[in-house]
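Below is one structure, written out as structure tokens; the observations come after it.
The values are calculated or read from the model by the stated rules, or taken from the named source; none is laboratory data. What you are looking at is a predicted structure, and each value in this text was computed from that prediction instead of being measured. Cβ: placed from backbone, ideal geometry, glycine included. Neighbour counts: every protein chain shown.
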Amino acid sequence: MKIITKIVAVCCLWGLSSCDSYLDVNQPSIYTDQSLYKTPADCEASIAGVYSQLQTVYNRNYLEAIVLREDAIKNMNNNITRFTDTSTEKTWETAWKSLWVLVSRSNKILDNIDRVVFSDEDQKNHIKGEAYAMRGLAYLQFAWCWGGSPLITTDLSLAELRKVKRSSQEETYQQAIKDFELAYDLLPEKRSGTEVGRITKYAMAGMLGRTYLYMHNPAKAVEWLELIIAKEPALYKMADNYEDCFDDKFDNTSERVWEVQYMGDSTGKALGISQTFNSMLLASSINLEKDAPFLHNVTFKGPSGTAQVSESIWGEGVYEEGDIRRAATMVNNLYYDKDYQHADTYTARKFLKATQTKPGSYDEWGNNISILRYTDVKLMYAEALNEVGYAENITTILSIINEVRKRAGLEAIDATRLNSKQATFDYIVHERFIEFCYEGLRWPDLIRWGLAEEAMKKHFSLKNEGFNTATQTPMYAMEKRNLLAPIPQSEINAYGDGTIMWQNPEY
């Protein structure tokens with residue numbers, strides 16, 4: 001059972017009692033923290049509110065913004081895909097604010113939980129660990145995406161908040177590491193029963209591995225990633241089939257280390273994922289391959305536009321012949337309302353397979369969204385091993401790569417193809433592109449590798465991505481400033497002090 005069932009039951013109470021003070025001017029309330037945190041059940045209700053906010057973060061907020069940056073998304077009439085966005089871009093503002101709600105709700109728990117008497121100390125520790133994990137996730141995103149944020153680790157009034165100076169990227173990363181480490185010490189190894197879907201210890205090991213790679217510290221990444229890999233196959237292993245990584249039938253299984261929980265329903269009353277970069281909307285818009293079995297009969301809403309796939313990934317030579325991930329990731333030959341065929345546009349279909357629960361409408365698909373997949377853990381480990389020592393680690397690296405290739409329907413390769421550290425790095429860069437596109441990893445990967453400008457220059461030189469054939473020049477271009485997202489102008493204005501909250505360069 002998904003934790004979402006608990007979230008639905010308690011979030012209305014939490015929404016009434018919590019004024020996410022990092023966003024709005026506080027209003028008088030009959031509720032106080034002292035009245036809210038009296039029993040373990042109160043703390044469970046509060047952490048459910050944090051899980052609920054995680055759904056908001058990944059439901060057309062943060063995830064949408066960073067996926068639109070990918071070179072796998074077609075250039076459309078969108079400022080983020082064209083890199084023409086400014087500090088007033090609403091998508092970035094919404095993403096920033098939704099992450100701050102995650103911090104705010106986590107801090108409320110951490111400030112108040114120790115006054116509550118628990119008969120089960122493990123229950124208390126697990127809730128604290130979840131709050132640290134959620135806050136750490138928010139600060140990780142603030143670090144790599146915006147280059148740092150104020151570090152708020154206790155619940156503050158709006159006036160107090162406005163006095164906290166923005167921290168550097170390094171300091172923000174360090175806060176994420178601290179939170180993930182605290183969570184690792186407090187969380188259980190695994191979940192069972194009604195707790196399946198809640199965060200675990202080894203999810204934190206994986207996130208620490210990711211954070212250290214973002215910070216260019218592969219040796220520390222290896223240390224943390226080895227902790228989770230040591231639990232294979234008892235707790236984790238790669239899914240047998242690539243599509244199983246995205247099918248709701250396999251939510252919370254061994255591939256899915258940490259997921260955002262969603263619930264589909266056929267009654268029109270479920271809380272489900274809504275239109276994440278329109279892959280879900282696509283399912284309601286078309287009938288694929290004339291009623292393919294993994295699509296359900298939902299109301300026609302009109303063709304999707306914002307899930308279109310870039311030539312950067314559908315173009316010739318990107319996928320090896322026989323790679324099943326291509327068909328699982330994108331599709332053309334779309335049949336709108338069964339009759340209208342449009343064969344020239346590729347559209348994302350990665351999250352369309354819902355076989356467990358029939359959705360009642362286009363925004364009630366029950367597919368979870370992975371924050372961390374085990375395949376990501378394995379490929380991060382291979383990358384980190386290559387960085388710390390190609391020669392002594394190539395056997396392990398090859399084993400991981402061939403495991404991924406086998407699932408993709410490809411033949412194994414040998415060391416002659418990965419005959420140097422650079423060749424191995426280049427292979428992993430491409431492998432991560434086709435394995436994880438549309439999952440929110442491509443853009444931070446390109447940034448940490450120092451390849452973002454090169455990749456986007458190539459992207460915008462393609463005919464279908466805005467290249468002007470008359471002048472033989474691209475119409476759009478990424479600039480160095482785009483390595484960081486803009487701090488929302490509303491935040492800059494609210495602080496009103498450039499020594500406390502300042503804008504990123506050239507915005």
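Summary table
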quantity	calculated
Residue check, T153 assigned to a loop (DSSP other than H, G, I, E, B), of a type outside the set (A, V, I, L, M) and modelled with pLDDT of 95 or more	yes
Residues of the stretch 221-271 satisfying the condition of being of a type in the set (K, R), in a loop (DSSP other than H, G, I, E, B) and at pLDDT 95 or above	K231, K237
Filter pass, Q175 being touching an Asp or Glu at 6+ places or on another chain (Cβ under 9 Å), in a helix (DSSP H, G or I), at pLDDT 95 or above and among the polar types (S, T, N, Q)	no
Residue within the stretch 124-131 that is in contact with a Cys (Cβ under 8 Å, 6 or more places away or on another chain) and hydrophobic (A, V, I, L, M, F, W, C) present	yes
Single condition V196 does not satisfy, out of (1) under 30 Å from N252 (Cα atoms); (2) touching a strand residue (DSSP E or B) at 6+ places or on another chain (Cβ under 6 Å); (3) not hydroxyl-bearing (S, T, Y)	(2)
One residue from G148, G193, G206 being under 21 Å from the mean Cα position of the chain (by Cα) and touching a residue at least 60 places away in the same chain (Cβ under 8 Å)	G206
Within the stretch 396-417, considering residues that are assigned to a helix (DSSP H, G or I) and of a type in the set (D, E, K, R), the one surrounded by the fewest Cβ atoms within 10 Å (Cβ to Cβ)	K406
Members of the stretch 86-132 that are surrounded by fewer than 18 Cβ atoms within 10 Å (Cβ to Cβ) and not β-branched (V, I, T)	K90, D111, D114, R115, F118, S119, D120, E121, D122, Q123, N125
Inter-residue pairs, beta-carbon under 6 Å, first farther than 16 Å from T499 by Cα and in the same structural domain as L140 (by TED's automatic domain parsing) and in the stretch 155-178, second of a type in the set (F, W, Y) and in a helix (DSSP H, G or I), 6+ apart	T172/Y139; T172/F142; Q175/Y139; A176/Y139
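One line per residue, one yes/no per condition, for (1) hydrophobic (A, V, I, L, M, F, W, C); (2) more than 16 Å from the chain's Cα centre (by Cα); (3) surrounded by fewer than 17 Cβ atoms within 10 Å (Cβ to Cβ):
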residue	(1), (2), (3)
T211	no, no, no
H216	no, yes, yes
I229	yes, yes, no
E232	no, yes, yes
M238	yes, yes, no
C245	yes, no, no
D248	no, yes, no
E255	no, no, no
M263	yes, yes, no
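Here is a yes/no grid of residues against (1) within 20 Å of A384 (Cα to Cα); (2) among the aliphatic types (A, V, I, L, M):
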site: G409; (1), (2): no, no
site: D414; (1), (2): yes, no
site: A423; (1), (2): yes, yes
site: R432; (1), (2): yes, no
site: N482; (1), (2): no, no
